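Notes for the one structure printed next.
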Amino acid sequence: MGKRALQERSAFVIQNEALNLPQAMFLLAAGVLGGALNSVAGGGSFIAFPALLFTGVPAVRANATNTIALFVGVTASSGAYRKHFNISRRVMLPLIATSVLGGLLGAVLLIRTPAQTFLRVLPWLMLGATLLFAFGKRLTGRTHADISAEASNAALAGACVFEFGVAVYGGYFGGGMGIMNLAMLAAIGMTNIHAINELKVVLGGVINGVATVTFIVSGAIAWPQAMVMTIGALGGGYAAAHYAQKLPQVWIRGLVIVVGVAMTVYFFFRAYA
């Protein structure tokens with residue numbers, strides 16, 4: 001009886017995850033928009049994850065599928081920022097190591113625990129991250145600092161602690177992870193928005209990469225949807241990364257803050273309305 005119930009459940013999941021042409025086009029567009037937003041300011045999951053839910057993918061599988069699709073788009077966009085990337089190994093390696101550990105822990109937590117409790121905490125995290133990014137310069141009191149040259153040991157240790165929390169969250173859910181990384185980098189002294197974006201892309205790629213491997217091994221990916229959204233995220237992420245460099249930095253910072261506010265309002269409404 002248990003085996004039959006499992007077979008029926010599997011058949012139901014497969015049936016609900018089958019793609020028709022309108023759904024495929026919808027997910028392709030969501031992938032383009034999500035990849036573009038991630039490459040510029042973060043928050044692509046705000047578009048991609050609900051799109052997957054709307055097409056009938058169960059929540060946990062939608063989250064895992066969203067991760068692998070946007071991971072490819074974020075990785076592609078990193079090439080467009082390469083000329084702005086000048087971060088020392090002293091800063092880079094600790095942040096990458098904490099991203100790997102946190103991303104793995106978050107992915108395992110997603111597979112093993114329900115998301116409802118975390119979703120109630122999420123809007124508060126988003127609110128804090130948006131405020132931190134908006135007022136990061138005032139908090140540090142440094143207007144021309146560069147993390148690659150001047151980050152103190154205390155600032156780097158604090159960044160690693162913050163990044164571990166971001167990585168756990170990114171592996172678990174991921175919506176707004178880019179905003180949180182941008183906030184952390186601004187608060188510890190980075191001022192060039194394009195350099196911040198490049199490091200954000202690298203750290204996000206590490207976190208999503210570790211989570212993606214975990215989700216693939218656990219069989220949590222809805223592959224038809226993942227392939228369609230990956231194509232969209234690939235094009236959207238790379239194209240938007242190039243276009244963003246032609247805009248004034250103040251415009252990009254403004255866009256980041258607008259995205260952060262919009263995501264905060266959305267998650268508060270979803271958690272408490």
Query raised in the report: Going highest first, how would you order 255-265, 23-33 by mean Cβ packing within 10 Å?
Result: 23-33, 255-265
Query raised in the report: What are the ³J(HN,Hα) values, in whole Hz, obtained from phi via the Karplus relation 6.51 cos²θ - 1.76 cosθ + 1.60 with θ = phi - 60°, for each residue of the range 52-62 in sequence order, with x given for Gly and Pro?
Result: 5, 4, 5, 8, x, 7, x, 4, 5, 5, 5
Query raised in the report: Using 0.36 nm per residue, how much length does the chain from Asn153 to Ser88 gain when fully extended, once their Cα-Cα distance is taken away?
Result: 22.1 nm
Query raised in the report: Based on the Cβ-Cβ distance from Leu109 to Leu131, what FRET efficiency comes out when R0 is 41 Å, to the nearest 0.05?
Result: 0.95
Report summary line: Going residue by residue through the range 256-263, the Karplus relation 6.51 cos²θ - 1.76 cosθ + 1.60 with θ = phi - 60° gives ³J(HN,Hα) values, rounded to whole Hz and with x marking Gly or Pro, of 4, 5, 4, 4, x, 5, 4, 5
Report task. Using 0.36 nm per residue of separation minus the Cα-Cα distance, give me the extension gain between Ala97 and Val250 in nm, one decimal. Result -> 52.0 nm
Query raised in the report: Counting only residues 5 or more places away or on other chains, whose amide H sits under 5 Å from the amide H of Ala222 once H atoms are built in the peptide plane?
Result: Thr65
Query raised in the report: Applying the Karplus parametrisation 6.51 cos²θ - 1.76 cosθ + 1.60 with θ = phi - 60° to the phi angles of the range 212-219, what ³J(HN,Hα) value in whole Hz is obtained for each residue in order, glycine and proline being reported as x?
Result: 4, 4, 4, 5, 5, 4, 7, x
Report task. Evaluate the distance, in nm, between pseudo-label points positioned 7 Å from the Cα of Ala262 and of Ile216 along their respective Cα→Cβ axes. Result -> 3.1
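Values in this text are rule-based calculations from the coordinates and carry no lab data. Note that this is a predicted model, so its numbers are computed, not measured. Reconstructed Cβ throughout: ideal geometry from the backbone, glycine too, with neighbour counts over all protein chains shown.
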